[in-house]
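First the structure, in the form of structure tokens, and then the observations on it.
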Amino acid sequence: MLDEFIFENGSRQDSLLLNNLKDEICEHLEVLQVSFEKYFNLDEITKKDELWIRNPFLCDIDCIDDMDLAKDELIDLKTKSLLKMDFDSKTLGEFWSSLREAYPLLVKRAMAAIIPFATVYLCESGFSTLVTIKTKHRNRLNVEHEMRVALSKTSLNSIS
């Protein structure tokens, strides 16, 4: 679309600029793709041997190597019906965090796969909050207190 616009409204010099612009955009997108693959490595979680992270009660035990020490923990975890109910009532992060003492190997691997998503989300939400606070009409140098209130999960008690 940009190519057509410049072709219709520009000269040969503009077409050279367009080619340079295309090259820069392609290079930037390749760097961005590498960055996304680093933070959002979905292949790590979608591998057959890592599906137990999403739901340890539905995964196939045979996909884990017999020499892997975490396999014993996963077998033990799958047999606990109380933990199945716990899994259904909690988020994925809360569920794995609650098992830190009982299943340390499983929790360590699960958290390594889950945490990058949470940290990226927190950074993005913090930046969005900062952009909202720092507007043209409200431009303070130090927005630490406003950010703390805006990002806090604690709800304020209303005085009635």
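Of all the listed residues (57, 95, 87), the sole one being aromatic (Phe, Trp, Tyr), in a helix (DSSP H, G or I), more than 20 Å from the chain's Cα centre (by Cα) and closer than 29 Å to residue 38 by Cα is 87.
Looking across the stretch 139-160 at every residue that is surrounded by 10 or more Cβ atoms within 10 Å (Cβ to Cβ) and in a loop (DSSP other than H, G, I, E, B), the one that is modelled with the highest pLDDT is identified as 143.
Among the conditions (1) at pLDDT 85 or above; (2) touching an Asp or Glu at 6+ places or on another chain (Cβ under 9 Å); (3) part of a helix (DSSP H, G or I), residue 102 misses just one, which is (3).
When the stretch 47-74 is examined, which residues are found to be modelled with pLDDT under 80 and under 19 Å from residue 97 (Cβ atoms)? Within the stretch 47-74, 50 is the sole residue that qualifies. Here the condition is being out of contact with any strand residue (DSSP E or B) (no Cβ under 9 Å at 6 or more places or on another chain), assigned to a helix (DSSP H, G or I), over 30 Å from residue 73 (Cα atoms) and not hydrophobic (A, V, I, L, M, F, W, C); of 135, 129, it holds for 129 alone.
Of the listed requirements (1) modelled with pLDDT of 70 or more; (2) in contact with a Phe, Trp or Tyr (Cβ under 8 Å, 6 or more places away or on another chain), residue 40 misses just one: (1).
The values are calculated or read from the model by the stated rules, or taken from the named source; none is laboratory data. Given the structure is predicted, the values throughout are model-derived calculations rather than measurements. Don't worry about glycine lacking a Cβ; one is built from the backbone with ideal geometry, like all the others, and counts go over all protein chains shown.
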